[in-house]
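Novice: Questions regarding the structure given below will be posed in turn.
Read-outs throughout are calculated quantities, based only on the coordinates presented, and are distinct from any laboratory measurement. Note that this is a predicted model, so its numbers are computed, not measured. Here the Cβ is made from the backbone with ideal geometry for all residues, glycine too, and neighbour counts use every protein chain on show.
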Amino acid sequence: MPASDMLDVIHYFFEDDLNYSTAEQAEARDKTRDSIYAELYDSTYKYSRKSSNGAYEPLSADEIDAAEEKMPEPFNPAQRPKAYVAPTNFDPNAAKPFGNILDAPL
């Protein structure tokens, strides 16, 4: 399977994980995955929801601060300006109008 198709498969699984109609359905999905990982792989399913009564528990202030510290710096184009690239000489009457940079038109 080509990598582009595999990306579609992964996207489908991510999207499918977010589609459930009730909290019980989401909990049942997690319990199923917990048991499959425990019985087949002898490991724990580390992506299941760790919550009570079907609701996600909010992060504490310390967890929020730790997450913000780990955030990467956004790209700033002003910090690394592009080098100057001279314009290409163009001769519309030549067989190769852009010189040796591009092939001649067909």
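Novice: Could you work out how far apart the two model spin labels at residue 98 and residue 82 are, taking each label as a point 7 Å from the Cα in the direction of the beta carbon, and quote it in nm?
Specialist: 1.5
Novice: Taking neighbour Cβ counts within 10 Å as the exposure measure, how do 85, 9 sort from fewest upward?
Specialist: 85, 9
Novice: Still on this model: Let me know the shape class of the stretch 1-49, please: from the alpha-carbon gyration tensor, a ≥ b ≥ c as square roots of the eigenvalues, rounded when a/c is under 1.5, otherwise prolate if a/b is greater than b/c, or oblate.
Specialist: oblate
Novice: With a/c under 1.5 counting as rounded, go ahead and sort the chain into rounded, prolate or oblate using the C-alpha gyration tensor (a ≥ b ≥ c being the square roots of the eigenvalues; past the cut-off, prolate if a/b is larger than b/c, else oblate).
Specialist: Details: a/c = 4.10, a/b = 2.17, b/c = 1.89.
The shape class here is prolate.
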